[in-house]
1. Return the pairs, sorted by first residue and then second, in which the second residue is assigned to a loop (DSSP other than H, G, I, E, B) and surrounded by 14 or more Cβ atoms within 10 Å (Cβ to Cβ), the first residue lies in segment 34-51 and is without any contact (Cβ under 8 Å) to a residue 24 or more places away in the chain, the beta carbons are less than 8 Å apart, and the residues are 6+ apart or on different chains.
2. Pairs only if they're at least six apart or on different chains, beta carbon under 9 angstrom, first in segment 59-83 and of a type in the set (D, E, K, R), second surrounded by 14 or more Cβ atoms within 10 Å (Cβ to Cβ) and in a helix (DSSP H, G or I); list them, first residue then second.
3. Between 72, 55, which is modelled with pLDDT of 90 or more, within 16 Å of the chain's Cα centre (by Cα), at negative phi and among the β-branched types (Val, Ile, Thr)?
Amino acid sequence: MKQIIASLKGKTPVIVFSKGTHGNWEELVATGAQVLGVDWNLRLADVAARLPARVGVQGNLDPFLLTTRPGVVAAETSRILQELRGRPGHIFNLGHGCRPKPSWKTSRAS
């Protein structure tokens with residue numbers, strides 16, 4: 001990753017998302033990425049506190065919450081935004097992709 005990011009020579013911002021690599025923050029910062037994506041398993045504020053200020057953070061709303069009530073989503077969104085208030089480089093996002101909606105085939109018994 002480090003070689004790929006270096007080859008871009010700063011012409012485009014790079015976000016690295018590495019699910020479940022909690023504890024490898026130094027190695028991820030060393031890739032040269034400008035932003036690190038964080039899944040929903042850690043508090044984003046705790047991760048941001050361990051990173052240099054020049055590295056932004058993205059995430060980390062639990063995608064499962066999108067299947068709950070709007071009030072639950074709003075409360076968690078507010079919590080994340082409040083925790084990262086004033087942190088330069090914060091990109092609000094999900095902590096992983098959305099689960100595809102299952103497509104169930106229905107059949108009728110005659």
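1. These pairs meet every condition: 36/18; 36/51; 36/55.
2. Short answer, once both residue conditions are applied: 62/76; 76/65; 83/44; 83/45; 83/48.
3. Matching residue, one of 72, 55: 55.
The values are calculated or read from the model by the stated rules, or taken from the named source; none is laboratory data. Since the structure is predicted, the reported quantities are computational estimates derived from the model, not experimental observations. Every residue, glycine as well, gets a Cβ built from its backbone with ideal geometry; the counts of neighbours run over all protein chains shown.
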